[in-house]
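Asks: Below: one structure in structure tokens.
The values are calculated or read from the model by the stated rules, or taken from the named source; none is laboratory data. Worth saying up front: this structure is predicted, and the values here are computed from it rather than measured. Here the Cβ is made from the backbone with ideal geometry for all residues, glycine too, and neighbour counts use every protein chain on show.
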Amino acid sequence: MLTVRPTYGRAVAAMILSAACWGLATVASKGVLDYVPPFSLLVGQLGASVLFLWCVLLLLGRLPRFDRAARRASLAGLLEPGLAYAFGVYGLTLTSASNTSLIGTTEPLIILVIAWIFLGQRTGIQGVLAILTAMVGVVLVSVFGGEEGLRSSSSILGDGLEVLATGFAALYVIVTSRLVVQFSPVTLAALQQSVGLVFACTVWMVAVGFGAEELPSTLSPFVLLVVILSGIVQYAGAFWFYLYGLQVLPASFAGIFLALIPVFGITGATLFLGEGLSLVQLGGCLMVILAVIWFTRSRPVVQGDAAHTHLKPTEVTYE
């Protein structure tokens, strides 16, 4: 159980596991969308995750007090999973699971820029070059790879929604990096996802009320099981691991691990959904992997109060 403050190695391992959870769960979500409308899927998955997280807290005897600090921390759930997944799940119906995973690799760059502007975290040239290398891989895969390419307006719209989702997710990382010292990862995830669930239910009711989405008539036990398990993996597991690692790693450094999401996502999409994988896409994935390895070979050295929460600007360099 991830309940103690992690070492650097454990934080890195947790970040890799979070990327695996997000990437593979994206593939499962893409498959389930053939049977469950997008916002119904979001509510079902997020509901399963919230129930799981609160059960864990109950079993551990660590139910939080709903004081002012807890209420303020929970509001970050409006960014993610609220807005980020509302856009992301709907965009997933308009584009491929591979593109969805690969567009997510822009998040490290967005996090890097926001962390520099608002947290004062300045990443060295190695980090910048590594992220730019990963970005080249993203361009190779999402623009020049795949069967749809630039010819499908639906694909472009879907990719655009995924870009918006990625932006909200990046803002979430920055905001939450200041909260991880106040709450345990599972507590913070439960609080934020509860708010995200309320937001998702609101969006779902509006969509159903205006006829933009119909309730699924019947669901097979297998589909229902996939919804529940994918929700626990994609929300409870991924966020728990990521918040655990964020206790040690600065936001600008932790963001690079999100570039591993497409590695797991595109592998799962190829193996389980039968989506094609072009040589260009494969080359893009390899570039992302090499960039992450290059970036993480150096441990971050943070000058300031803490690696993850900042009362004054900090500088992140690499040895």
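Asks: Select from region 173-190 the residues that are farther than 16 Å from GLU80 by Cβ and under 17 Å from the mean Cα position of the chain (by Cα) and list them in ascending order.
Replies: Selection gives VAL186 alone.
Asks: How many residues are within 23 Å of MET15 (Cβ to Cβ) and either surrounded by 24 or more Cβ atoms within 10 Å (Cβ to Cβ) or of a type in the set (Asp, Glu) (or both) if we restrict to region 261-290?
Replies: 8
Asks: Take ILE228 and tell me if it is surrounded by 15 or more Cβ atoms within 10 Å (Cβ to Cβ), more than 30 Å from PHE66 (Cα to Cα) and β-branched (Val, Ile, Thr).
Replies: no
Asks: Could you check GLY274 against (1) at negative phi; (2) of a type outside the set (Asp, Glu); (3) at pLDDT 50 or above and say which number it fails?
Replies: Just one mismatch for GLY274, condition (1).
Asks: Where in region 6-92 are there helices (runs of 4 or more DSSP H), lying fully within it, with 1 or more residues that are more than 19 Å from GLY231 (Cβ to Cβ) and out of contact with any helix residue (DSSP H, G or I) (no Cβ under 6 Å at 6 or more places or on another chain)?
Replies: Where helices (runs of 4 or more DSSP H) fall fully within region 6-92 and carry at least 1 residues being more than 19 Å from GLY231 (Cβ to Cβ) and out of contact with any helix residue (DSSP H, G or I) (no Cβ under 6 Å at 6 or more places or on another chain), they are 8-32, 38-60, 68-74.
Asks: Within region 133-164, which residues are assigned to a helix (DSSP H, G or I), surrounded by fewer than 18 Cβ atoms within 10 Å (Cβ to Cβ) and either of a type in the set (D, E, K, R) or at pLDDT below 75 (or both)?
Replies: Matches in region 133-164: VAL139, SER153, SER154.
Asks: Something else about it: Scan region 103-123 and give yes if some residue there is farther than 21 Å from TYR244 by Cα, at pLDDT below 85, hydrophobic (A, V, I, L, M, F, W, C) and outside any helix (DSSP H, G or I), otherwise no.
Replies: No.
One line per residue, one yes/no per condition, for (1) hydroxyl-bearing (Ser, Thr, Tyr); (2) crowded, with 19+ Cβ neighbours inside 10 Å; (3) within 30 Å of VAL223 (Cβ to Cβ):
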residue	(1), (2), (3)
ARG10	no, no, no
TRP22	no, yes, yes
PRO37	no, yes, yes
SER40	yes, yes, yes
LEU46	no, yes, yes
SER49	yes, yes, yes
LEU57	no, no, yes
PHE66	no, no, no
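Asks: Still on this model: With the requirement that a residue be at pLDDT 95 or above, in contact with a helix residue (DSSP H, G or I) (Cβ under 6 Å, 6 or more places away or on another chain) and of a type in the set (A, V, I, L, M), what does region 178-202 give you?
Replies: Matches in region 178-202: VAL186, LEU188, ALA189, ALA190, LEU191, VAL195, LEU197, ALA200.
Asks: Next question. Here are the criteria: (1) under 22 Å from LEU17 (Cβ atoms); (2) within 21 Å of the chain's Cα centre (by Cα); (3) without any contact (Cβ under 8 Å) to a residue 24 or more places away in the chain. Tell me which single one LEU271 does not satisfy.
Replies: Going through the list (1) under 22 Å from LEU17 (Cβ atoms); (2) within 21 Å of the chain's Cα centre (by Cα); (3) without any contact (Cβ under 8 Å) to a residue 24 or more places away in the chain, LEU271 breaks only (2).
Asks: Further, regarding this structure: How do the pairs read when you match residues in region 189-206 that are within 17 Å of TYR242 (Cβ to Cβ) with residues anywhere that are in a helix (DSSP H, G or I) and of a type in the set (Asp, Glu), using Cβ under 8 Å and keeping only pairs 6 or more apart or on different chains?
Replies: Short answer, once both residue conditions are applied: GLN192/GLU80; GLY196/GLU80.
Asks: While we're on this one: Does ALA70 satisfy the condition of being in contact (Cβ under 8 Å) with a residue 12 or more places away in the chain, within 16 Å of the chain's Cα centre (by Cα) and at negative phi?
Replies: So ALA70 does not fit the description; no.
Asks: Sort out which residues of region 73-95 are farther than 13 Å from GLY167 by Cβ and modelled with pLDDT of 95 or more, and write them in order of number.
Replies: Selection gives ALA73, SER74, LEU75, ALA76, GLY77, LEU78.
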